[in-house]
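What follows is a set of notes on a single structure, which appears directly below.
Read-outs: derived from the displayed coordinates by stated rules, not from any lab. Here the structure is a predicted model, which means the values were calculated and not measured. Here the Cβ is made from the backbone with ideal geometry for all residues, glycine too, and neighbour counts use every protein chain on show.
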Amino acid sequence: MRTVKLTLICCLLSAFAFANVTQTQKEALVALYTATNGDSWNNSWDLDQPISDWHGITLEGDNVVSINLSFNNLKGNLPKEISELSALKILNLSFNKLEGELPSTLTEMLSLEKLILFSNSFSGAIPKDIGNLKNLKSLELYNNNFFGEIPSSIGNLIKLEALILSSNLLMGKLPASISNLKSLKVLSLFDNSLLGTIPASIGELTQLEELVLSNNAFYGNLPNELAQLSNLKTLLLSNNAFKGNYAVLKDQLPNIVDFDLDAANMKGALATLDSEEDDDED
């Protein structure tokens, strides 16, 4: 009789483990598994086991709040069903072999705080409605094949602390709305095809600790307002077409550790940091 009771308790516990997560969320996870060749993952899921046992999944109550499948040999596309995980806060699919465009439904995941998709082969434009994700603190899309302009809606992400879009195929000017990101600590855009002058409004990002704009097609004078970024530890601006000698700039940044400008910008007559009119409005 005691054995029967123990068996019944185990069955009930198993049932509750499955029941904790809604069927909609489970179907979204299975869609991810199927679309990314789950049978070939380094750490695969046993779909017959409780979701709480699935590699990389974190639950809070009856909701999936975190997916971390970094370095897990995911191949394929990110399915549109991912948006059914409405309570998801962290999506980390970095260092995999994912490709194709990001699903438009991604911008419906309003609980997301960290979207970490770097080191894949994603392509297409960054979704123009990315600014809907107003709880985002970290957006890391570097080392992919994204192209087109940085969406102006990105300025709606006022909680953002890290914006890392380096090593893509992005073009166009920095959106003026980037000055809205007052919590930003890391802005890394190196190795793209971005152009234009650096807007004076960059000086409003007073929390910035890293500003990395190397290997683009920026030009013109650097704005005076750069010297207001007193928290900067890293400023990398080489391999652009800036004009003037800014050797003095390093001395104006009290916390600077990593500083890199082209040799041409470190010699000749000292330039006064000029505040050029932002040409985002051209």
For segment 219-236, what does the Karplus curve 6.51 cos²θ - 1.76 cosθ + 1.60, with θ = phi - 60°, yield as ³J(HN,Hα) per residue in whole Hz, taken in order and with x for Gly and Pro?
8, x, 7, 6, x, 3, 5, 4, 5, 7, 7, 5, 8, 4, 10, 10, 9, 10
Segment 126-282 - convex hull of alpha carbons, volume per residue in Å³
93 Å³
Which ³J(HN,Hα) values, rounded to whole Hz and listed in residue order, are derived for segment 197-209 from phi using the Karplus coefficients 6.51, -1.76 and 1.60 in 6.51 cos²θ - 1.76 cosθ + 1.60 with θ = phi - 60°, glycine and proline given as x?
8, 7, x, 4, 5, 4, x, 7, 8, 6, 8, 4, 10
Can you list the trypsin sites (Lys or Arg not before Pro) in segment 54-128 that are in a DSSP coil and have 16 or fewer other beta carbons within 10 angstrom?
Lys128
Which FRET efficiency value, to the nearest 0.05, do you get for Asn135 and Asn77 by plugging their Cβ-Cβ distance into 1/(1 + (r/R0)^6) with R0 = 25 Å?
0.50
One finds, for Ala247 and Leu110 with R0 = 51 angstrom and r their Cβ-Cβ distance, a FRET efficiency to the nearest 0.05 of 0.65
Arrange the following residues from fewest to most other Cβ atoms within 10 Å of their Cβ: Tyr219, Tyr246, Tyr33.
Tyr219, Tyr33, Tyr246
Rank Gly61, Ile178, Gly155 by how far each Cα sits towards the positive end of the charge dipole of the chain (+1 on Lys, Arg Cβ; -1 on Asp, Glu Cβ) and give me just the farthest.
Gly61
Please identify every one of the GluC sites (Glu not before Pro) in segment 129-230 that sits in a loop by DSSP and has no more than 15 other beta carbons within 10 Å of its own beta carbon.
Glu149
For segment 37-124, what ratio Rg/Rh do Cα atoms give with a Kirkwood hydrodynamic radius?
0.94
Of the listed links Lys114/Lys267; Lys134/Lys233; Lys97/Lys159; Lys89/Lys250; Lys97/Lys250, those spanning more than 32 angstrom between alpha carbons are Lys114/Lys267; Lys89/Lys250; Lys97/Lys250
Let me understand segment 149-196 better: what is its radius of gyration from the alpha carbons, and its Dmax, in angstrom?
10.3, 26
Which order do Asp48, Asp62 fall in if you start with the one that has the fewest other Cβ atoms within 10 Å?
Asp48, Asp62
Treat each spin label as a single point 7 Å out from the Cα along the C-beta direction, and report the Ser44 to Ser238 distance in nm.
4.7 nm
Sites Tyr219 and Asn145 - FRET efficiency at Förster radius 25 Å, r taken between beta-carbons, to 0.05
0.50
Expressed in nanometres to one decimal, the distance between label points 7 Å along Cα→Cβ at Thr34 and Asn231 is 4.5 nm
Just to check I understand the Karplus step: with θ = phi - 60° and J = 6.51 cos²θ - 1.76 cosθ + 1.60, what whole-Hz values come out for segment 99-110, glycine and proline as x?
9, x, 7, 5, x, 4, 5, 4, 6, 8, 8, 6
